[in-house]
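Down below is the structure, laid out as structure tokens.
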Amino acid sequence: MKPVSLTDVAGYLPGKPVPAAYYTEYPGAEDKLRHHPMFKVPPLRHHAARDETNTDLIERAVKPLIERHGRDEIRKVDVLLVHSQLPDQPFTGAGTEVARRLGLRPEWVVDVATGGCASFVHMLGLARQILATTDASTALVCNAQNTAGRLFTQSKVRGLAQAAVPGDGCGVGFLTASGHSPLLEVRTRYLAEYAGEMTIRTEDGRKYWEAGTSQLHIGFTEAGTARVVERGNRLVPEVVGEVCDRIGVPTADIDLLVTNQPNRMFLSNWRKALRLPAERHPHTFDECGNLFGAALPVTLDRAVRAGRVRKGDLVVLAGFAHAGDFAGAAAVRWHGGPG
């Protein structure tokens, strides 16, 4: 197989930071999960504007890639993969609109619905396979997250414990069929036995497409949350260990671990399980909240721009999704940026 590189990453956060008080000082219904570590409130997060679409977020996130690599280089992208946490349209994905907006004419356009908070790893695996086995030479991988300013600000949802945790943003990755910043390994796990455990609820029981006044929210329960905690604590260290075994490197030699950012509890537990110091596990939770799928590329981008990633560093990206039905990890020997 041809070598494939994660050549660069970029991110975008919409609007001004929204303080915790926007949620914590809002009167809401009693919620038994309010003091659970899963829902500890981050100080800040960002909200996409009402009319700011997933395509808008992606276009703004791609702008730094255009500045660094040139518009012509980005327009030559052969593979476009897009994950939208909350699709703007019920029948069409964002992929073709992203291609139109950016002036792309890719051979491959795929809107990815699976992978959730670990969808960036999922798309890295897909892009790697396509670039390594076809004539395609470049790929753009996009994670757009806009549920915070839409679902979780609803009047009957905003007071729930779950509402204050998410934030909006977008992260993108630029891949090339080259050895510049090689993608060493990608491992994914689909745990179908947990599929469907993350549910969307309405208080009157209506389907989300049916007319009504009840508001959509995630159907967290005490028992379900306990299961998610157990699985999340276990799955991410396991899949990171699997990737490191495949490339013949102990986990202690990871220079930078970048994970999804669900809450401080998981971040601390993953770091301890893998015996990594805090400086090798950057987090964006306090400034961005839970960015779902966008957290991996956004966090890596911020670490790179802050000078926390050196040329030649082993970077491992990892996460799990939903109630534990997917987990994945990828290893990169980082030499990112224009080569």
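Residues 125, 115, 103, 93: which one is among the small types (Gly, Ala, Ser), surrounded by fewer than 22 Cβ atoms within 10 Å (Cβ to Cβ) and in contact with a helix residue (DSSP H, G or I) (Cβ under 6 Å, 6 or more places away or on another chain)?
Unique residue meeting the criteria: 103.
Which ones in the stretch 50-86 are surrounded by 18 or more Cβ atoms within 10 Å (Cβ to Cβ) and outside any helix (DSSP H, G or I)?
Matches in the stretch 50-86: 52, 53, 77, 78, 79, 80, 81, 82, 83, 84, 85.
Consider residue 262 carefully, then state whether it is surrounded by fewer than 17 Cβ atoms within 10 Å (Cβ to Cβ) and out of contact with any Ser or Thr (no Cβ under 8 Å at 6 or more places or on another chain).
The answer is no for residue 262.
Pick out the one residue from 264, 234 that is at pLDDT 95 or above and under 21 Å from residue 171 (Cα atoms).
264
Of all residues in the stretch 277-306, which are open to solvent by less than 30 Å² (accessible area, probe 1.4 Å) and either free of Cβ contacts under 8 Å to residues at least 24 places away in the same chain or among the hydroxyl-bearing types (Ser, Thr, Tyr) (or both)?
284, 299
Would it be correct to say that residue 148 is in a helix (DSSP H, G or I), in contact with a strand residue (DSSP E or B) (Cβ under 9 Å, 6 or more places away or on another chain), in contact (Cβ under 8 Å) with a residue 24 or more places away in the chain and closer than 30 Å to residue 32 by Cβ?
Taking the combined requirement at face value, the residue does not satisfy it.
Within the stretch 223-250, can you find the residues that are touching a strand residue (DSSP E or B) at 6+ places or on another chain (Cβ under 8 Å) and assigned to a helix (DSSP H, G or I)?
Passing the criteria: 231, 232, 235, 236, 238, 239, 240, 242, 243, 244, 246, 247.
Just give me the residues in the stretch 37-76 being without any contact (Cβ under 8 Å) to a residue 60 or more places away in the chain and of a type in the set (D, E, K, R), in sequence order.
51, 56, 59, 63, 67, 71, 72, 75, listed by residue number.
Determine the pairs where a residue that is farther than 9 Å from residue 144 by Cβ and modelled with pLDDT of 95 or more, located within the stretch 83-98, has a partner that is open to solvent by 60 Å² or more (accessible area, probe 1.4 Å) and part of a loop (DSSP other than H, G, I, E, B) with Cβ atoms under 9 Å apart, the partner being 6 or more residues away or on another chain.
Close Cβ pairs satisfying both conditions: 97/89.
Taking the stated definitions as given, is residue 159 part of a loop (DSSP other than H, G, I, E, B), in contact (Cβ under 8 Å) with a residue 12 or more places away in the chain and open to solvent by less than 20 Å² (accessible area, probe 1.4 Å)?
Yes; evaluated as a whole, the condition is true for this residue.
Does residue 17 satisfy the criteria of being open to solvent by 20 Å² or more (accessible area, probe 1.4 Å), at pLDDT 95 or above and closer than 25 Å to residue 302 by Cα?
Yes; evaluated as a whole, the condition is true for this residue.
Among the numbered criteria (1) out of contact with any Leu (no Cβ under 7 Å at 6 or more places or on another chain); (2) open to solvent by less than 70 Å² (accessible area, probe 1.4 Å); (3) part of a helix (DSSP H, G or I), which one does residue 26 miss?
Just one mismatch for residue 26, condition (3).
Looking only at the stretch 297-338, how many residues end up being in contact with a Cys (Cβ under 8 Å, 6 or more places away or on another chain) and either in a strand (DSSP E or B) or over 22 Å from residue 239 (Cα atoms) (or both)?
Number of matching residues: 5.
Which residues, counting only those in the stretch 39-49, are open to solvent by 20 Å² or more (accessible area, probe 1.4 Å) and charged (D, E, K, R)?
40
Filter the stretch 218-250 down to the residues that are open to solvent by 40 Å² or more (accessible area, probe 1.4 Å) and either in contact with a Gly (Cβ under 6 Å, 6 or more places away or on another chain) or of a type in the set (Ser, Thr, Tyr) (or both) and list them by number.
Within the stretch 218-250, just 221 meets the criteria.
The values are calculated or read from the model by the stated rules, or taken from the named source; none is laboratory data. Please read these numbers as outputs of a predicted model, since none were measured by experiment. We place every Cβ from the backbone using ideal geometry, glycine too, and count neighbours over all the protein chains shown. SASA here: full protein model, heavy atoms, side chains in, ligands and nucleic acids out. Shrake-Rupley method; radii C 1.70, N 1.55, O 1.52, S 1.80 Å.
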